[in-house]
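Participant: Supplied in structure tokens, the structure appears directly below.
The values are calculated or read from the model by the stated rules, or taken from the named source; none is laboratory data. It should be emphasised that the depicted structure is a prediction, and the values quoted were computed from it without experimental measurement. Areas reflect the complete protein model, heavy atoms only, side chains present, ligands, DNA and RNA absent. Shrake-Rupley method; radii C 1.70, N 1.55, O 1.52, S 1.80 Å.
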Amino acid sequence: MYANLDRPNLSTGSGLLTALRASWLFDGVSSALIPDPVVLIEGSTIRGVSSGGRAPQDVTVADLSGATLLPGLIDTHVHLAFDTSSDAVGRLAQRRDAEVVDAMRSAARVALRGGVTTVRDLGDRGYLSLGLRRQAGLPTIIAAGPPITTPGGHCHYLGGTAEPTVTGIRSAVREHAERGVDVIKIMASGGNLTPGSRQDLAQFPPEVLRAAVDEAHRLGLPVTVHAHAVAAIADAVAAGVDGMEHVSFWTADGVDAPADLIQLIADRRIAVGATVGMRPVPGLTPPPEVAVRLPGIMASTRRLHQAGALMVAGTDAGIAPVKPHDAVRYAPAMLAQLGYGQAEALRAITSVAAGVCGLARRKGRIAPGFDADVLAVDGDPIADPDALHRIRAIYARGTPAASDASAAGS
Ligand SMILES: [Zn+2]
């Protein structure tokens, strides 16, 4: 899956050499920080990583002493088209496409300034996110286009409606492939953003979901599904999906996560996008139907982690004020509540997330041959999750981006 995205950058001789010198390095994989690192960048690619603080001669040195370098953060579930207001759906409906594109570009810049160098957009309107890919000054964008849903179903207003039949969904998947999406997103259950849709019920019959996965895989595309309802989760697992979002095990009156289903998700290595990462906003509380289920959702997500499930932080950035476009910086604090160690949490939003986005050989690590997506923060992000909010510098594909901190100071 993601066959065309994951090519290491083998070009040489392009661009000047820059050396980033800092006090510590988290390489995206190892639990131990490397002292006195020097990261050599050529063009958009990391050429070398060494310890000992010595940079080669004749290169530009960026001195980041006191800082820890780490791979740029990766959010596996965002919506650039939603504006983080309390009525993100209504505001989007009022905007023409050109205005939406402007807002999406601003949202992507917010993500980048917050240290997020790769986002996977799991639901836009009119395939607008596809046009923002590979643009300088923006994060790397992996795009699903409008999510595939039933007529009147969850997020139908984004335009990805398909008849809930085998023929209907195959043709919707084909249309997405022809438009050039990187991943197929399917709304397998209802959701909170859509009045009238039911979070406790599956939207598509199991054979239709199976046909969708079959068609997508035939076309070389991975599938991730939005799945709250227990039946939607079970059907998605049976259909052979590559990933699932939310996975809240939502029932009509609570949360019910069967042990065998949890084990199956872990054994099949289906990527679970846990909806974690929230900026606290004073006075804002979750809707009552979410609040009452939150302890149950946290408990079942903790059980998924204990079972060894492949899990990443898919924040749903954009959908509400607590979900800014750089929300993934807040995920480690919540992953800790799910039983994650801090280095493990950092892996979840770097190297593990890169793999889930089909970018395991290009993103999520600071190593030779990888894209030069580098974040520098003050302090030690393994000892202190808040260090992720103290951004000193950001490099996206080798190019420095202004951080929020430096923007505020200028
Ligand atoms: Zn979403």
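Participant: Just the number, please: carbon plus sulfur as a percent of the accessible area of region 30-75, 1.4 Å probe, no ligands or DNA/RNA counted.
Facilitator: Working: 900 of 1910 Å².
Carbon and sulfur atoms account for 47 percent of the accessible area of region 30-75.
Participant: Still on this structure: Which residue, D242, D58, D87, tops the fluctuation ranking in a GNM of the chain built on C-alpha contacts under 10 Å?
Facilitator: Between D242, D58, D87, it is D58 that shows the largest mean-square fluctuation.
Participant: Let me ask another. How far is helix 97-113 tilted, in degrees, relative to the longest principal axis of the Cα atoms in the chain, given as a value from 0 to 90 rounded to the nearest 10?
Facilitator: Orientation of helix 97-113: about 50 degrees from the principal axis.
Participant: Let me ask something else. Round to a whole number: what % of the accessible area of region 251-302 belongs to carbon and sulfur, probe 1.4 Å?
Facilitator: Carbon with sulfur: 61 percent of the solvent-accessible area.
Participant: With a probe of 1.4 Å, find how much accessible area the chain has per residue, and write the answer as a whole number in Å². Could you put the intermediate results ahead of the total?
Facilitator: On the way: 15690 Å² over 410 residues.
Per residue, the chain has 38 Å² of solvent-accessible surface.
Participant: Based on the Cα gyration tensor of region 342-381, what are the three equivalent ellipsoid semi-axes, each the root of five times an eigenvalue, rounded to whole Å and given largest first?
Facilitator: One finds semi-axes of 18, 14, 7 Å for region 342-381.
Participant: Pick from A299, A327, A232: which is most flexible by mean-square fluctuation in a GNM of the chain where alpha carbon atoms under 10 Å apart are linked?
Facilitator: A299
Participant: Continuing with this model, one more query. Which angle from 0 to 90°, rounded to the nearest 10, does the C-alpha axis of helix 166-179 make with the longest principal axis of the chain?
Facilitator: 30
Participant: Turning to a different aspect of this structure: On alpha-carbon atoms, Rg over Rh for region 220-367 using Kirkwood Rh?
Facilitator: Result for region 220-367 is an Rg/Rh of 0.95.
Participant: Angle check, please: helix 206-218 long axis (alpha carbons) against the longest principal axis of the chain (alpha carbons), in degrees 0 to 90, nearest 10.
Facilitator: Tilt relative to the chain: about 40 degrees.
Participant: With θ set to phi - 60° and the Karplus curve 6.51 cos²θ - 1.76 cosθ + 1.60, what are the ³J(HN,Hα) couplings of region 149-163 in order, to the nearest whole Hz, using x for Gly and Pro?
Facilitator: Karplus-based 3J(HN,Hα) across region 149-163 equals 9, 8, x, x, x, 4, 6, 4, 5, 7, x, x, 6, 10, 4 Hz.
Participant: Determine the calculated [θ] at 222 nm for the chain from helices alone, applying -39500 (n - 2.57) to every DSSP H run no shorter than 4 residues and normalising by the residue count; nearest 500 deg cm²/dmol.
Facilitator: -8000 deg cm²/dmol
Participant: Considering only protein heavy atoms and a probe of 1.4 Å, how much of the accessible area of region 84-148 is carbon and sulfur, as a whole percent?
Facilitator: For region 84-148, the apolar C and S fraction of the accessible surface comes to 45 percent.
Participant: Determine how many Å³ per residue the convex hull of the Cα atoms of region 306-397 encloses.
Facilitator: With only Cα atoms used, region 306-397 gives 116 Å³ per residue.
Participant: Mind listing the Cα extents of the chain along all three principal axes, in Å, largest one first?
Facilitator: Per principal axis, max minus min of the Cα coordinates gives 64, 41, 40 Å.
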